[in-house]
Amino acid sequence: AISCNTIGEMYGIDGDLFERHYRNHLSGYRKWDQLSHAEDWVLFPKNMGSYLGIDEVALSHGELYTVLINKEAHGKKGSIIAIIKGTDAQTVCSVLLKMSRKRRFQAREITLDMASHMELIVRTCFPTAKRVVDRFHVQKLAYDAVQEMRIKARWEALDREAIEIHYAKTKGERYQAPVFENGDSLKQLLARSRYLLFKKESLWTQSQRQRAKILFREYPDIKKAYHLTMQLGLIYHQTKHADLALTKFARWYDQIDRSGFLSFGTIVRTIQSHYLEIVNFFHNRATNAASESFNAKIKAFRRVFRGVKDKAFFLFRVCKLYA
């Protein structure tokens, strides 16, 4: 996509004037059959398919829209089924229920995150579709738990260093923070370990490998939490059948219980409350990557046009490309 302002710069014409002419006369925007309600919702029932994805995206100033896509269109024309302002289940359902029962019952599988309003929307509007919780949202909970432990340790290190600096000043001495063999101080070690805790050991660089060795030596709990997170990833990566996945999840729960990590206990309770939708992943290995990718396209489109001034016209242009 290219903006009217960019075309104006290329050809030496007034980009704003060209955009107004395009919007009002050339594009067909004024005759668009969804113009009257475009700021609140757009709906394309003919784009319904068997495999759908639902997610939310921010158009401007953090204002959220719920986006339902047909994954079989592969992010091209025919992808958009609905874009609806807000994430309130009742509002979204009121729009999606405008589609006929026959069309809605076409849906066989829908990927979504673990938000309760998303589950309610799918259950209400597509009752016959299999709900699949996106694996990356489940794994993110585990990654966040590890990062929470790292951040807590870093704050403790900062507090300890501040006390030691104050104590050195009272003695009239200059404080020098001790460093590890790789040159990191304790607070630097904890700050610089953020990214390596998201990666498998096999993907660590040499410096990350050395930093991880020191981190795990100083903080055995973080090491244990990291390996629990990697084990969760292996369940998704290596398991092919739903029954076997249930068994592996149960063993993983036992390890969490023995660890005593409170943040991981929250993950277990969250997974247990969505276990049917989570295990559904192992039937077709469906993820919500298509929805995330489509959201990225909308954000890129927004950057090209330097923000969203007229939401209805912005959605018109998005729909011209993807609906």
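The mean sequence separation of alpha-carbon pairs under 8 Å and at least six residues apart, normalised by the residue count of the stretch 36-162, gives a relative contact order of 22 percent.
Cα axis of helix 135-170 to longest principal axis of the chain: angle in degrees, 0 to 90, nearest 10? The answer is roughly 50 degrees.
Backbone geometry of the stretch 67-83 corresponds, through the Karplus equation with coefficients 6.51, -1.76 and 1.60 at θ = phi - 60°, to 3J(HN,Hα) couplings of 10, 10, 10, 8, 5, 6, 7, 6, x, 10, 4, x, 6, 6, 9, 7, 10 Hz, x marking Gly and Pro. When the solvent-accessible area of the stretch 99-156 is split by element, carbon and sulfur atoms take up 53 percent of it, the probe being 1.4 Å. Cross-linked pairs Lys130/Lys223; Lys98/Lys311; Lys130/Lys240; Lys76/Lys102; Lys76/Lys200; Lys46/Lys85: Cα-Cα separations exceed 27 Å for Lys130/Lys223; Lys76/Lys200.
The relative contact order of the chain comes to 22 percent, based on Cα pairs under 8 Å that sit 6 or more residues apart. Using Cα springs under 10 Å in a Gaussian network model of the chain, which residue among Met118, Met99, Met48 shows the largest mean-square fluctuation? Maximum fluctuation in the GNM of the chain, among the listed residues, is at Met99. Maximal additional length on extending the Asp88-Leu276 stretch stands at 65.3 nm, based on 0.36 nm per residue less the C-alpha distance. Per residue, the stretch 107-203 exposes 58 Å² of accessible surface when a 1.4 Å probe is rolled over the protein heavy atoms with every protein chain present.
Taking a quarter of the surface of the Cα convex hull of the stretch 101-221, what do you get in nm²?
Convex hull of Cα atoms, orientation-averaged projection: 11.2 nm².
Apolar share of the accessible surface for the stretch 210-323: 52 percent from carbon plus sulfur atoms, 1.4 Å probe.
Just subtract the alpha-carbon distance of His241 and Lys77 from 0.36 nm times their residue separation and send over the number in nm, one decimal. Write out the running numbers ahead of the final one.
On the way: separation 164, 0.36 × 164 = 59.04 nm, distance 3.37 nm.
Computed gain between His241 and Lys77 is 55.7 nm.
Mean projection of the Cα convex hull over all viewing directions, computed for the stretch 263-308: 5.2 nm². Restricted to Cα atoms, the chain shows a radius of gyration and a Dmax of 25.2, 81 angstrom.
Multiplying the residue separation of Lys169 and Lys309 by 0.36 nm and subtracting their alpha-carbon distance yields 44.9 nm. Expressed as a fraction of 2.2 N^0.38 Å, the value expected for a compact globular protein of N residues, the C-alpha radius of gyration of the stretch 108-150 is 1.44.
Give the Kirkwood hydrodynamic radius (Å, one decimal) of the stretch 1-157, defined as one over the mean of 1/r across all pairs of different Cα atoms. Here the Kirkwood hydrodynamic radius works out to 18.4 Å. Working ranking of peptides 125-134, 88-97, 202-211 by packing, defined as the average number of other Cβ atoms within 10 Å per residue, highest first, is 125-134, 88-97, 202-211. When the chain is treated as a GNM with alpha-carbon contacts under 10 Å, the residue of Glu119, Glu218, Glu292 showing the greatest mean-square fluctuation is Glu218.
If R0 is 56 Å, the Cβ-Cβ spacing of Gln210 and Glu63 corresponds to a FRET efficiency of close to 0.80.
Mean residue ellipticity at 222 nm, helices only, the chain: -17000 deg cm²/dmol; runs of at least 4 DSSP H residues each add -39,500 (n - 2.57), and the sum is divided by the number of residues.
Computed log10 I(q)/I(0) for the stretch 76-116 at 0.18, 0.31, 0.35 Å⁻¹: -0.67, -1.25, -1.17, from the Debye equation with unit scatterers placed on every C-alpha and solvent omitted. Take the stretch 15-79 with all the other protein chains still there, run a 1.4 Å probe, and you get 52 Å² of accessible area per residue.
Expressed as a fraction of 2.2 N^0.38 Å, the C-alpha radius of gyration for the stretch 175-323 is 1.46.
The values are calculated or read from the model by the stated rules, or taken from the named source; none is laboratory data. Fair warning: this is a prediction, and the values are worked out from it, not measured in the lab. Ideal geometry is used to build each Cβ from the backbone, glycine not excepted, and the neighbour counts take in all protein chains shown. Each accessible area value is taken on the protein alone, full model and side chains, heavy atoms only, with ligands, DNA and RNA left out. Shrake-Rupley method; radii C 1.70, N 1.55, O 1.52, S 1.80 Å.
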